[in-house]
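Have a look at the structure below, then the notes.
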Amino acid sequence: MPQSLASVLVHIVFSTKQRRALLQIPDLRDEMHRYMAGISAKLECPAIIVGGATDHIHLLAAQSRTITLADWVKELKRASSLWAKKKSRQWSLFQWQAGYGAFSVSQSQKDRVREYIRTQEDHHRRLSFQDELRQLLKKHGIAFDERYVWD
């Protein structure tokens, strides 16, 4: 095949360092989500949706053929942290956690995951980020050790 083609959807999740509620102001949070979608687009990983709550983000996007998942997430975190620190005094010490969760999404589940991300604020009135991530890890069959998941 002379051309390389791919359709890989990924749901990425990560929190602020120590799950600090730094994304409390809805307008700033929305601006952060738009900025992260822009970073992803520049990496040729078009975002379908970016959302989240006061202490974490969710991104559903199509992964490019030309970047590894680790490099993609690293650049999302690096660029958005720099942007946040310049954007607002309250974010002068802004940091993301070191790790992340990444989950494959089939085309048939794309709309379901998009809706899940769109309704994050409602979702987190009932469930903490930690419990949400535990559920996602278990649902996707990912073994984890609590000692190394949180920072």
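The values are calculated or read from the model by the stated rules, or taken from the named source; none is laboratory data. Fair warning: this is a prediction, and the values are worked out from it, not measured in the lab. Virtual Cβ from ideal backbone geometry, glycine too; neighbours counted across all protein chains shown.
Can you say whether Val149 is under 18 Å from Gln63 (Cβ atoms) and either among the aliphatic types (A, V, I, L, M) or more than 14 Å from the chain's Cα centre (by Cα) (or both), as far as the supplied structure shows?
Answer is no for this residue.
For region 53-63, does any single residue satisfy the condition of being part of a loop (DSSP other than H, G, I, E, B), touching a helix residue (DSSP H, G or I) at 6+ places or on another chain (Cβ under 8 Å), over 21 Å from Phe129 (Cα atoms) and touching a residue at least 40 places away in the same chain (Cβ under 8 Å)? Break it down into steps so the answer makes sense when it comes.
Just the residues of region 53-63 that are part of a loop (DSSP other than H, G, I, E, B), to begin with: 54-55, 63.
Filter once more, keeping what is touching a helix residue (DSSP H, G or I) at 6+ places or on another chain (Cβ under 8 Å): 54-55, 63.
Next cut, over 21 Å from Phe129 (Cα atoms) only: 63.
If we keep only those that are touching a residue at least 40 places away in the same chain (Cβ under 8 Å) as well, we get 63.
Taking every residue of region 53-63 in turn, at least one turns out to be part of a loop (DSSP other than H, G, I, E, B), touching a helix residue (DSSP H, G or I) at 6+ places or on another chain (Cβ under 8 Å), over 21 Å from Phe129 (Cα atoms) and touching a residue at least 40 places away in the same chain (Cβ under 8 Å).
Being surrounded by 11 or more Cβ atoms within 10 Å (Cβ to Cβ), of a type in the set (Val, Ile, Thr) and over 16 Å from the mean Cα position of the chain (by Cα): is that true of Ile142 here?
Working: surrounded by 11 or more Cβ atoms within 10 Å (Cβ to Cβ): yes; of a type in the set (Val, Ile, Thr): yes; over 16 Å from the mean Cα position of the chain (by Cα): yes.
So Ile142 passes the test.
Those residues that are hydrophobic (A, V, I, L, M, F, W, C), buried (at least 22 other Cβ atoms within 10 Å of the Cβ) and at pLDDT 95 or above, I need them from region 20-56; list them, please.
The answer is Met32, Met36, Cys45, Val50.
If Asp27 meets every condition in (1) closer than 25 Å to Leu127 by Cβ; (2) within 16 Å of the chain's Cα centre (by Cα); (3) not in a loop (DSSP other than H, G, I, E, B); (4) not β-branched (Val, Ile, Thr) apart from one, which number is that one?
(2) is the only condition that Asp27 fails.
Among (1) buried (at least 17 other Cβ atoms within 10 Å of the Cβ); (2) among the hydrophobic types (A, V, I, L, M, F, W, C); (3) at pLDDT 95 or above, there is one condition Ile67 misses while meeting the rest; what is its number?
All conditions are met except number (1).
Taking the stated definitions as given, is Arg65 farther than 25 Å from Gln109 by Cβ and basic (Lys, Arg)? Explain how you work it out, then say what you get.
Numbers: farther than 25 Å from Gln109 by Cβ: no; basic (Lys, Arg): yes.
It is false that Arg65 is farther than 25 Å from Gln109 by Cβ and basic (Lys, Arg).
Test each condition in (1) farther than 26 Å from Asp145 by Cβ; (2) at pLDDT below 95; (3) not small (Gly, Ala, Ser) for Tyr100 and report the one that comes out false.
Here Tyr100 meets the rest and fails (1).
Looking at Ala84, Ala41, which one is of a type in the set (A, V, I, L, M) and touching a residue at least 12 places away in the same chain (Cβ under 8 Å)? It would help to see each step written out before you state the result.
Values: Ala41 fails: touching a residue at least 12 places away in the same chain (Cβ under 8 Å).
Step by step, each of Ala84, Ala41 is checked, and only Ala84 is of a type in the set (A, V, I, L, M) and touching a residue at least 12 places away in the same chain (Cβ under 8 Å).
In region 1-17, what residues are of a type outside the set (Ser, Thr, Tyr) and either closer than 18 Å to Leu82 by Cα or surrounded by 15 or more Cβ atoms within 10 Å (Cβ to Cβ) (or both)? Reasoning before the result, please.
Kept after step one, since they are of a type outside the set (Ser, Thr, Tyr), are these residues of region 1-17: 1-3, 5-6, 8-14, 17.
Leu9, Val10, His11, Ile12, Val13, Phe14, Lys17 - these are the residues of region 1-17 that are of a type outside the set (Ser, Thr, Tyr) and either closer than 18 Å to Leu82 by Cα or surrounded by 15 or more Cβ atoms within 10 Å (Cβ to Cβ) (or both).
Please state which of the following conditions Asp131 fails to meet, knowing it meets all the rest: (1) surrounded by 15 or more Cβ atoms within 10 Å (Cβ to Cβ); (2) out of contact with any helix residue (DSSP H, G or I) (no Cβ under 7 Å at 6 or more places or on another chain).
So the condition that Asp131 fails would be (1).
Val50 versus (1) touching a residue at least 40 places away in the same chain (Cβ under 8 Å); (2) farther than 24 Å from Val105 by Cα; (3) touching a helix residue (DSSP H, G or I) at 6+ places or on another chain (Cβ under 6 Å); (4) not small (Gly, Ala, Ser): which is the lone unmet condition?
It fails just one condition, (2).
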